[in-house]
Amino acid sequence: MTKSKIDKVDAKRAERLESLEREFIESFVKLRKNHKLTQQEMADNGHVIRETIARIENSITSPQINTLLKIVEPLGYTIKLTKIKEK
């Protein structure tokens, strides 16, 4: 594969990752708000600090999977892989 093709593939992956991250954060915030929880209450339920919730919601950090599970499991949710729908 030529450098040009590799660069295009890398750009598409980066774009897809950015889109998935935005979608996840929107879902994360919606989940918290649907449960009528403050960031502090969500943090308390997951045994993390409030700043962790704020950093996730503000796209400052990409949390580790175990952190996400700690936060969403008390609300009855989990994380799973889904197949990417090709366009």
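Quick note: the coordinates plus some simple rules give every number you see, no bench work behind them. Values in this document were obtained by computation on a predicted structure and should not be read as measured data. Counting neighbours? That spans all protein chains shown, and the Cβs are built from the backbone with ideal geometry, glycine included.
Would you mind checking Lys8/Lys83; Lys3/Lys80; Lys3/Lys85 for any pair whose Cα atoms are more than 28 angstrom apart?
Lys3/Lys80, as the Cα separations exceed 28 Å there.
Please give the charge dipole size of segment 3-75, origin at the Cα centre, charges +1 on K and R Cβ atoms and -1 on D and E Cβ atoms. Round to the nearest 20 debye.
With Lys and Arg at +1 and Asp and Glu at -1, about 260 debye.
Could you work out, for the chain, what percent of all Cα-Cα pairs fall into each 5 Å distance bin, beginning at 0 Å and stopping at the bin that holds the largest distance?
Over the chain, the share of Cα pairs per 5 Å bin runs 3, 12, 21, 23, 13, 10, 8, 5, 3, 2, 0 percent.
For Lys33, list the aspartates and glutamates whose Cα falls under 13 Å from its own Cα; do not include residues on the same chain fewer than 8 positions away.
Within the straight-line cut-off, Lys33 pairs with Glu41, Glu57.
Just need the relative contact order of the chain here, percent rounded to a whole number, with Cα pairs under 8 Å and 6+ apart.
Result for the chain is 20 percent.
For a quick protection proxy, order the peptides 53-65, 73-85, 37-49 by their average other-Cβ count within 10 Å, most packed first.
Highest-to-lowest ranking by the protection proxy: 37-49, 53-65, 73-85.
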